[in-house]
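The structure appears below as structure tokens.
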């Protein structure tokens, strides 16, 4: 895609696109509130001329801290033009692809969100995707609803008065019929909040602000019943199973999914598609994706969890797992060769 800037046209890309807005990966940032024309090229080559306003931004320094791409979130403004209608058609076709054809209103989700407008928006987008939704304002109301029927998933705000999302996670873990119900939290992008959530047993964490389509994908991933041939997830300690061994297994069996790594206050996510490394996100440090992976391969402790899922998007790593492991071994040998042996007395 392209957009205007005082210094000229900027060429960029996005993987976050909806009928109402998009996030553009770029360091050529515009002020919040700035409006500009955006030309979007769809995967089939169709060009769309849209008009958007900057709603929020992620500066390069903040992006490095989060292990994400810098850029800007745009909301689309103006009347429904032919380009907007074509975009909506494209998004609808993607929803068909990412939504399980067998998903019906028998998949029940509880939303716990204290803010009424956001609660209504979340309920509407999940209902449009085929879920049966009960939306409440507090965790107490959610637990009362669970006493009547067992949901397939719960989506709750991380920050709430009296009983927050992490409190709800611990309460569910002690409940005989709710301990295995997936809980998804929505909250701020802080690494400590995310880490606290995963330690409490939360299945997924969605940073705010989020797109409706992202909410649908995440909830569908944890709530939809798996196909009979689908393998369960894998979790454990890196002390027992090294990251290199895990990646070799995923490559050999052509696995697809997200590998979550936790060590102290550090968090990393490795995206794998058909046994190939596609993308890596880290909460600390920066550098090229391959360099991030090299640092992760040095981890000798920590926890891991692998969630099978269909993974798409552009290959940001561009190296096979075998080649990566060979290069890491070579670098380790060179590092050891430069380390002088201990002095004997």
Subject >> Relative packing of 130-137, 150-157, which averages over residues the other C-beta atoms within 10 Å, highest first >> reply: 150-157, 130-137
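Just want the ordering: 9, 295, from fewest to most Cβ atoms lying within 10 Å of their own Cβ. Spell out each step's value before the answer.
Numbers: 9 11, 295 16.
If I rank by nearby Cβ atoms, fewest first, I get 9, 295.
With both partners inside the chain, how many of the DSSP beta bridges are antiparallel, as a percent to the nearest 5?
The answer is about 75 percent antiparallel.
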Subject >> Taking region 2-95 and dividing mean pair separation by its residue count, relative contact order in percent (alpha carbons under 8 Å, at least six apart) >> reply: 28
**OP:** Between residue 115 and residue 331, with labels modelled 7 Å along Cα→Cβ, what's the label distance in nm to one decimal, could you check?
**Re:** 4.0
Original post:
Which FRET efficiency value, to the nearest 0.05, do you get for residue 298 and residue 237 by plugging their Cβ-Cβ distance into 1/(1 + (r/R0)^6) with R0 = 22 Å?
Top reply: 0.85
Original post:
What FRET efficiency would be calculated for the residue pair residue 85, residue 41, taking the C-beta separation as r and a Förster radius of 30 Å, to the nearest 0.05?
Top reply: 0.95
**OP:** Only Cα pairs under 8 Å and at least 6 apart count here; give the relative contact order of the chain as a rounded whole percent.
**Re:** 12
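Where does each of 311, 272 land when they are ranked from fewest to most other beta-carbon atoms within 10 angstrom? Provide the component values of the computation, followed by the final result.
Working: 311 16, 272 26.
Placing the least packed residue first, the sequence is 311, 272.
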Original post:
Fewest to most neighbouring Cβ within 10 Å: what's the order for 184, 54?
Top reply: 54, 184
Subject >> Segment residue 147-residue 28, extension gain: residue separation times 0.36 nm, minus the distance between their alpha carbons >> reply: 37.7 nm
Original post:
Based solely on its DSSP helices, what 222 nm [θ] is calculated for the chain when runs of n ≥ 4 H residues each add -39,500 (n - 2.57) and the sum is averaged over all residues, nearest 500 deg cm²/dmol?
Top reply: -10000 deg cm²/dmol
Original post:
Is region 234-338 best put as rounded, prolate or oblate by its Cα gyration tensor, with a ≥ b ≥ c the root eigenvalues, rounded for a/c under 1.5, and otherwise prolate when a/b is larger than b/c, oblate when not?
Top reply: rounded
Subject >> Read-out Rg and Dmax of the Cα atoms in Å, derived from the coordinates shown; its label in (1) 19.6, 58; (2) 21.9, 82; (3) 30.2, 118 >> reply: (2)
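Rule-based calculations on the coordinates, nothing more; no lab input. Predicted model, so just to flag it, every value in this text is computed and none were measured. Cβ atoms come from the backbone with ideal geometry, glycine included; neighbour counts cover every protein chain shown.
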